[in-house]
1. With the checklist (1) part of a strand (DSSP E or B); (2) open to solvent by less than 40 Å² (accessible area, probe 1.4 Å) in hand, flag the one item Asn54 doesn't pass.
2. For Gly79, all conditions in the list (1) open to solvent by less than 100 Å² (accessible area, probe 1.4 Å); (2) over 18 Å from Gly10 (Cα atoms); (3) under 12 Å from the mean Cα position of the chain (by Cα); (4) not polar (S, T, N, Q) hold save one; what is the number of the exception?
3. Restricting to the stretch 23-50, and then to whatever is open to solvent by less than 40 Å² (accessible area, probe 1.4 Å) and part of a loop (DSSP other than H, G, I, E, B), can you tell me which residue is farthest from Glu61 (Cα to Cα)?
4. Residues in the stretch 59-81 that are part of a strand (DSSP E or B) and either over 23 Å from Asn4 (Cα atoms) or of a type outside the set (A, V, I, L, M, F, W, C) (or both): how many?
5. Inside the stretch 89-101, can you point out the residues that are in contact (Cβ under 8 Å) with a residue 60 or more places away in the chain and out of contact with any strand residue (DSSP E or B) (no Cβ under 7 Å at 6 or more places or on another chain)?
6. Which residue pairs have Cβ atoms closer than 6 Å, lie 6 or more positions apart in sequence or on different chains, and pair a first residue in the stretch 50-73 that is within 16 Å of Ser98 (Cα to Cα) with a second residue that is of a type outside the set (S, T, N, Q) and part of a loop (DSSP other than H, G, I, E, B)?
7. Got at least one residue in the stretch 20-35 being modelled with pLDDT under 90 and over 20 Å from Ile91 (Cβ atoms)?
8. Met1 versus (1) at pLDDT below 95; (2) open to solvent by less than 90 Å² (accessible area, probe 1.4 Å): which is the lone unmet condition?
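The values are calculated or read from the model by the stated rules, or taken from the named source; none is laboratory data. Everything numeric in this text was worked out from a predicted model, so none of it was measured. Backbone-built Cβ (ideal geometry, glycine too); neighbour counts: all protein chains shown. Note: accessible area is taken over every heavy atom of the protein model, side chains too, but ligands, DNA and RNA are not part of it. Shrake-Rupley method; radii C 1.70, N 1.55, O 1.52, S 1.80 Å.
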Amino acid sequence: MAANGLQFNGVYQAEPDEHSDYSFILRFFEDGTVIGMSTFAEPAEYKEWFDKSNSKMARGEYAVDGDSLEFRLFLGGQGWVEYEGAIKDEILELHVTSRINDNEATREYSFLAW
């Protein structure tokens, strides 16, 4: 775990909600990179290919200030999704704004260690 509270040895996952049937997954790296995706798959299914070397991942760079976290994930030519919120132990509480379809949501992402 970094001094800022982010965990790097696994992923953060938000469960499906009333607006979607799939989980939202985020993975942070010590170099400031973040990758993300939405999936129906279980962690054991995506663990092998969910990394920075996969060019199909949405990606961006994150910034941490105390317990505040913000970043954008760029989805190729489709646009981006903005995230901002707080790091609380093994939970990320994030407000998510899509600049692709203008949807907004607040999600709680729980850490899953690998």
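1. (1)
2. If we test Gly79 against (1) open to solvent by less than 100 Å² (accessible area, probe 1.4 Å); (2) over 18 Å from Gly10 (Cα atoms); (3) under 12 Å from the mean Cα position of the chain (by Cα); (4) not polar (S, T, N, Q), just (3) comes out false.
3. Ala41
4. Residues that pass the stated criteria total 10.
5. Asp89 - this is the single residue of the stretch 89-101 that is in contact (Cβ under 8 Å) with a residue 60 or more places away in the chain and out of contact with any strand residue (DSSP E or B) (no Cβ under 7 Å at 6 or more places or on another chain).
6. Within 6 Å, the pairs are Ala58/Leu75.
7. Among the residues of the stretch 20-35, at least one is modelled with pLDDT under 90 and over 20 Å from Ile91 (Cβ atoms), which makes the answer yes.
8. (2)
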